[in-house]
Structures are given as structure tokens and as C-alpha cells.
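Written out below as C-alpha cells is the structure these notes cover.
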Amino acid sequence: MSLNKTELVAKVAAETGQSQATVSSVLDGVFAAISETVADGGKVSIPGWLSFEAVATAARTGHNPRTGESIQIPAGKRVKVSVGSKLKASVK
């Protein structure tokens with residue numbers, strides 16, 4: 001089973017009694033705040049559930065899977081998402 005944004009909005013709206021437009025607006029705001037904070041080098045933590053942060057990756061040598069030739073992968077940034085204890089416990 002998977003849940004897309006539309007289904008998530010409908011589910012949260014049903015559970016909270018809020019309109020779907022309100023819930024969608026709040027979710028958009030949450031995602032925008034997370035994106036902005038992580039892009040600025042900050043960390044967003046929702047204790048027990050998730051945390052998001054930008055981490056630097058070092059330059060490294062990779063391999064083209066088609067040709068097998070070595071290629072240089074430049075240093076960069078990626079987003080690290082860590083799972084909290086409540087989310088881990090709900091999956092067990």
C-alpha cells in the first residue's frame with residue numbers, strides 16, 4: 001500500500017475535521033519550511049519521527065555501469081533523512 005499526497009491530505013482532513021484545502025496548504029507550508037531550512041544548511045527534526053539535514057559528499061571515483069570506465073564524481077551535497085524511534089516502532 002502506498003499513499004500519495006492527495007490521499008494523505010484526504011486522510012488527515014478526515015481525522016482532524018479540517019478541510020482538504022486547509023490541510024493541503026499546511027502540508028505545502030511544512031514542505032517549504034523543510035526545504036528552505038535544509039537548503040540553508042540547517043537541520044529539521046521532528047522528535048521520534050524524522051529528521052532532515054544536508055550533508056557534504058566527498059569527490060570520488062565511480063564507474064560507468066555500461067562501459068565499466070572510471071569517472072570522477074565531484075563533491076556535492078545530499079539530503080540525509082533519519083528515521084526516529086516512534087516511526088521505527090510502528091513498523092515492527
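What follows is calculated from the coordinates using simple rules that are stated; it is not laboratory data. Small disclaimer: the values here were computed from a predicted structure and weren't measured. Because the Cβ atoms are built from the backbone with ideal geometry, glycine has one as well, and the counts that use them run over all protein chains shown.
Please determine, by comparing only the residues of segment 26-63 that are in a loop (DSSP other than H, G, I, E, B) and out of contact with any Gly (no Cβ under 6 Å at 6 or more places or on another chain), which one is nearest to Lys86 (Cα to Cα).
That would be Pro47.
For the structure I just gave you, tell me whether Gly84 is under 24 Å from Met1 (Cα atoms) and in contact with a helix residue (DSSP H, G or I) (Cβ under 7 Å, 6 or more places away or on another chain).
When the stated conditions are applied, Gly84 does not pass them.
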